[in-house]
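The structure under discussion appears below in the form of structure tokens.
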Amino acid sequence: MNNKIKLAVAGAVLASASVANAGITWDAGEWTVDMNGNVNAFATFAGNGSGDAIQGGLANAQSTNSSDEVAIQTGLLPSWLGFTATTRQNDLDTSVTISFQPGAGNTRALGGGNSTNAATENRQAFLTFGDKSWGSVKVGKDLGIFGSTAILNDMTLLGVGSNGAGTNGGGTTTTLGGIGTGYLYADWIGQIAYTTPNMNGFSATVGITQPWNSIALSAASTTSSGTSDEFGFQGQASYSWTGDFAGKVWAGFFSQEVTGITTLTGVTADDATAFEAGVSTTIMNIGLVGYAYSGDGVGTTGLLVDAFDANGGARESDGGYVQATYVIPMGTKLGVSYGISNLDDNAQDAGANLVKENERVTVGAYHPLTKHLNLVAEYSNVQSESHGPQSSLETDIVSVGTILFF
């Protein structure tokens, strides 16, 4: 793939050697246009837990309708259609990228009627300009910087992983993969970012980003959404090397002031900060990944989700994942991944049914029928533990499907 390829396929390249090596390209005057993406769908089978939902928990709660749920749905990576146009003018490499992400699932409201199709997203709309001598600048909406390498190395990017509490059912959402069980979601965010040139394997990206609001995953929290009157700041530095023992190490940060947090006693402000570090290596047919993060006021699963208590106090969180894959002679990639995300409670949270940890184990097989088409089978066990009276929930998820890249 060329160096302007969209993150949908770039991420999959990191996760599977079976992905195609080129998109569909053509020349249009002074521009080269690259069209690529994927279509995927999975049959998923998820067992519901034996208790009430946990605020921020990713294991399914007990259902009044059935102990199990099945669906035809999109995996962690949405179906994707992306266009990038590139040109070089006045000693500058310039490009523009726009992409569309339709879902594979649909639902029907109780009582009949027409089905509701999965929503179409627009995750990317950005331009870049630069030169290999001094780097490049990105302006627009794209995958966030903090947490990006963690998700792009997640083997479940080709599959389902955790379906997330409430997402199973073929609706408008993608699954979570390892999001919330090992790393925070980088998300798709407006940004102005600078990336250095590659200096013998070392590169770094820093940027200002659209500030996020602080939110709670359920009404159990009395903390209102906090806003921000300052940009967020994100950055990541990495060093890559090649050879028989190839790999990459990286470290990153996230920082944002959160203002307007409505509490029981008034309105307050606080800072949200997080740090991360990871390593990925390839030795012959073996791939290894290790990753960890720690934060204060960043919450869990997504940035600033359940990040503050009812008095506006920042909650501490941390987590990480380890992953091992092996490509057998017939080309099938076998993998196992373990991840955990922890959220500490504060004194104000005493007795609240707030998540303490989300833990996941995934075993997967990813078989290339062709260099474009992959068959995927996964089993995941997701456990959520609460700080409050609902002690724990557990979900088993089996998924079988296919993903095709072009």
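The values are calculated or read from the model by the stated rules, or taken from the named source; none is laboratory data. Everything numeric here is computed off the predicted structure, so don't read it as measured data. We place every Cβ from the backbone using ideal geometry, glycine too, and count neighbours over all the protein chains shown.
Tabulated data for the structure shown
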{"item": "Neighbours by Cβ (under 8 Å, 6+ apart or cross-chain): first from the range 224-247, loosely packed, with under 14 Cβ neighbours inside 10 Å; second small (Gly, Ala, Ser)", "result": "TRP241/GLY201; TRP241/GLY247; ALA246/SER240"}
{"item": "ALA324 being in a loop (DSSP other than H, G, I, E, B) and either among the hydroxyl-bearing types (Ser, Thr, Tyr) or touching a residue at least 12 places away in the same chain (Cβ under 8 Å) (or both)", "result": "no"}
{"item": "Residue in the range 101-124 that is outside any strand (DSSP E or B), buried (at least 22 other Cβ atoms within 10 Å of the Cβ) and modelled with pLDDT of 90 or more present", "result": "yes"}
{"item": "Test for ASN374: is it within 19 Å of the chain's Cα centre (by Cα) and either touching a residue at least 60 places away in the same chain (Cβ under 8 Å) or not in a loop (DSSP other than H, G, I, E, B) (or both)", "result": "no"}
{"item": "Any hit, the range 374-387, residues being at pLDDT below 95, farther than 21 Å from VAL336 by Cα and of a type in the set (D, E, K, R)", "result": "yes"}
{"item": "Boolean, LEU393 is more than 22 Å from the chain's Cα centre (by Cα) and surrounded by 16 or more Cβ atoms within 10 Å (Cβ to Cβ)", "result": "yes"}
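Here's the yes/no breakdown for (1) within 20 Å of LEU157 (Cβ to Cβ); (2) over 16 Å from the mean Cα position of the chain (by Cα); (3) crowded, with 24+ Cβ neighbours inside 10 Å:
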position	(1), (2), (3)
TRP250	yes, yes, no
SER255	no, yes, no
ASP271	no, yes, no
VAL279	yes, yes, no
PHE308	no, yes, yes
THR332	yes, yes, no
ILE340	yes, no, no
GLN348	no, yes, no
